[in-house]
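What follows draws every value from the coordinates through simple rules; no lab data is involved. Here the structure is a predicted model, which is why all the values come from computation and not from measurement. Virtual Cβ from ideal backbone geometry, glycine too; neighbours counted across all protein chains shown.
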DNA sequence: ACAAAAGTGTTTTGAATACACCCATGT
DNA sequence: ACATGGGTGTATTCAAAACACTTTTGT
């Protein structure tokens, strides 16, 4: 049975990717003809959608991810609700909503998620989308529609907090990775440099990264050993540790 | 200008209190006449409300807190959205919604908050409410309407996580407290016992708890010194510390 | 005097940090 | 041979954890 869209609730997703020391967010193109101002508009926004009447928010989020990247089983975390009555106030945004949904839109509350994907796994699908999508480096994101800039900022804050206690950053790396890639990733996310020897010591001490019998190929320096994250070991070893109090 | 209620979005709040080694949640009575089944219903639920068309979610949450406890400036944290289309499915709950709002209700998405209040500060106001409210020990909470049990469980999980990195648990204690009260609080929240000497050592090392020149009165044992939390010192001293990685 | 909880110190173990050089590969 | 990043060890400092007895009050 076909379900109707609920015009009050939407979902928006900050999809993070990591490539060669840079943190990127996947943005989609928004193109439409603003019939009031008789102008064609083309800009970027976060991927998102209204939610169907009978659909859960998580389902809507996965639906968007699937449609955009072709992938299932992606890391997804709900982090906040953006609900200012002013957020759908700009004329251009209202015109776009009207043009794309055909529904008369008033206030929309959006539930924000962030998602972590391995940078290049989606790129095959991305190339063939009708709605074009672009990986945009986090520092190069300009003014976006609605409150999408706030959503990204706040999402990144949440991600930063989260990686302090859980090894989810690995979702951004390929299955096999070098310790240098791992360190680069943490340095970008946390925005500070780490001592290479101490970093490696810590990784080894943690006990759930296992070295493979494989090394990098075709780099013009000493090739690095590849590692993988051992999820089963992680779950076993993981012990709660309170930073504020004993 | 009077604003209408938005019948799609609500806010529910898990209000925590702590008293004499026990963690409590503030629940309100729900009484109504179920005209379909010709029965009077009286049970407990989380405090909550639909949101006005022009109101932010945070505002709705503070409105509920104020009306219930008479207090402003209460610690409040949004932690999740509960959106299962099934959550408003039970007949009795639908009858109650119909009876209290007068609006025809379909699916309601609720945004959940938890709040920390100093146990007895609200009790003056609570005694005079039309809608009766009860502090209920966390272990004694039985089946509640909608998905309110899930909301409480998940809220407590979030609170547990949060106190690992921020000293918000203090919101549950009076301004002046003994180290024993503080330890009891952490033991209840984290659900394990701590070594008293090590606990005190840690508190002193943290450097933002200051001993007052005051002691407990009229206890039939050696009276304990009172302490206060020094917010300014806390902000100064607080240094980021990553538990998962360097 | 007794009951009840407050308050205190030492030792051991392990993580965090700081720091500089040799190694393996491609060109 | 040289440029490039990979990979390694030691010493110090500090927090975490384990552990038992004396002190002060009210009754």
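Some notes on this structure:
- Antiparallel bridge percentage (DSSP; both residues within the protein assembly as shown; nearest 5): 80
- Between helix B:196-206 and chain B: long-axis angle, C-alpha atoms, 0 to 90°, nearest 10: 90
- In terms of surrounding Cβ atoms within a 10 Å radius of their Cβ, B:135, B:96 rank from fewest to most as B:135, B:96.
- Looking at region B:1-134, the DSSP beta bridges with both ends there are about 75 percent antiparallel.
- Once the convex hull of all Cα atoms in the protein assembly as shown is built, its volume per residue stands at 203 Å³.
- Working note: Debye formula, equal point scatterers on the alpha-carbon atoms of region B:132-246, no solvent; log10 I(q)/I(0) at q = 0.10, 0.20, 0.21 Å⁻¹ is -0.41, -1.24, -1.31.
- Inter-chain neighbour count for A:76-86: the average number of beta-carbon atoms from partner chains within 10 Å of each residue's beta-carbon is 4.
- Label spacing, shortest first and in nm, from residue A:130 to its equivalents in the remaining copies (7 angstrom along Cα→Cβ): 5.3
- Maximal additional length on extending the residue B:128-residue B:71 stretch stands at 19.1 nm, based on 0.36 nm per residue less the C-alpha distance.
- Estimated FRET transfer efficiency (residue A:211, residue A:138; beta-carbon r; R0 41 Å; 0.05): 0.85
- The angle separating the long axis of helix B:57-69 from the principal Cα axis of greatest extent in chain B is about 80 degrees.
- The angle between the Cα long axis of helix A:179-190 and the main principal axis of chain A comes to about 50°, on a 0 to 90 degree scale.
- Ranked from shortest, the separations from the 7 Å Cα-to-Cβ label point of residue A:204 to its equivalents in the other copies are 3.8 nm.
- In region A:22-81, inverting the average of 1/r over every pair of distinct C-alpha atoms gives 13.8 Å as the Kirkwood radius.
- Taking the helices alone, chain B has a mean residue ellipticity at 222 nm of -9500 deg cm²/dmol, built from -39,500 (n - 2.57) per DSSP H run of at least 4 residues and averaged over all its residues.
- Mean projected area in nm² (Cα convex hull; one quarter of hull surface) for region B:5-162: 9.3
- Cut-off 19 Å (backbone N to label point 7 Å along Cα→Cβ of residue B:63), residues of region B:130-173: B:130-131
- Centroid-to-centroid separation of region B:63-84 and region B:181-198 [C-alpha atoms, Å]: 27
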